[in-house]
1. Work out the FRET efficiency for His96 and Val17 from their Cβ-Cβ distance, taking R0 = 41 Å, and round it to the nearest 0.05.
2. Roughly what would the spin-label model give for Phe87 and Glu136, points 7 Å off Cα along C-beta, in nm?
3. Connecting C-alpha atoms closer than 10 Å in a GNM of the chain, tell me which of Val110, Val28, Val92 has the biggest fluctuation.
4. Please give the Cα centre distance for the stretch 116-170 versus the stretch 14-78, rounded to the nearest Å.
5. With each run of n ≥ 4 DSSP H residues scored as -39500 (n - 2.57), what mean residue ellipticity at 222 nm is computed for the chain after dividing by its residue count and rounding to the nearest 500 deg cm²/dmol?
6. Loop by DSSP (not H, G, I, E, B), at most 13 other beta-carbon atoms within 10 Å: where is the longest site-free stretch of the chain for GluC sites (Glu not before Pro)?
7. So which trypsin sites (Lys or Arg not before Pro) in the stretch 7-82 end up in coil per DSSP with only 15 or fewer other C-beta atoms within 10 Å?
8. Among the chymotrypsin sites (Phe, Trp or Tyr not before Pro) in the stretch 89-135, which ones are in a DSSP loop with at most 10 other Cβ atoms within 10 Å of the Cβ? Mind listing them?
Amino acid sequence: MTERPESAGANHSRGIVHWVRGTLTGLVAIVMFTMMAVTTADVTGRALLSIPIKGSDEIVSFLLAILIFASLPLITWDERHITVRLFDRWIVGRVHRALDVLLSVIGTIVVGVVSYRMWIQGLLMSQGQHITGALEWPIAPVVFLMSGLGAFTTLVLISLTWQKMTGGNSPHLSASGVEDEGSG
């Protein structure tokens with residue numbers, strides 16, 4: 001049986017989405033484990049041996065920044081942001097849909113601008129050769145990584161916004177790799 005070109009393209013896209021999600025999820029897991037290990041080793045070393053890890057606060061700060069920006073595309077993809085729905089019962093139908101699209105557009109612009117400004121900041125830090133205090137690590141690479149992950153989140157937001165604008169209800173690939181109908 002021959003596979004139709006449309007479904008072959010869709011399967012390829014799902015494969016890419018699955019790979020990207022898996023890579024980001026793996027990165028988040030590694031970063032969280034590393035944060036835990038560094039903090040545990042630092043506290044244990046400080047309490048039992050009076051030998052703290054030099055620059056552990058800088059290491060954990062870098063890891064925390066990476067953790068937040070690596071998690072952001074995953075949370076955005078599944079539309080799992082914390083939301084406050086105080087007025088949802090009074091806003092229905094087309095107004096609700098229009099408001100949903102408007103908020104999605106605003107979110108896309110905000111994340112895009114923040115990512116762009118972080119890239120500029122990374123360039124400035126790179127030119128100024130900014131380093132951390134204790135370990136003397138360069139700061140710019142982490143800022144560039146944060147900017148790149150923010151830019152990727154912007155692409156995810158553009159896709160979600162387009163789906164909302166066109167009324168598309170294409171299924172999202174959940175964290176387990178199984179398609180679900182999503183909330184959009």
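Taken together, the values in this text are just the output of simple stated rules run on the coordinates, not laboratory data. Bear in mind that the values here come from a model prediction, so they are computed numbers and not experimental data. Methodologically, a virtual Cβ is constructed for each residue, glycine included, from the backbone with ideal geometry; neighbour enumeration extends over all protein chains shown.
1. That pair, His96 with Val17, gives E of 0.90.
2. Between Phe87 and Glu136, the label points sit 5.6 nm apart.
3. So, out of Val110, Val28, Val92, the one fluctuating most is Val92.
4. 17
5. -25500 deg cm²/dmol
6. That would be 4-135.
7. Taking the stretch 7-82 and a limit of 15 other Cβ atoms within 10 Å, the loop trypsin sites (Lys or Arg not before Pro) found are Lys54, Arg80.
8. Here the sparse-neighbourhood loop sites are Trp90.
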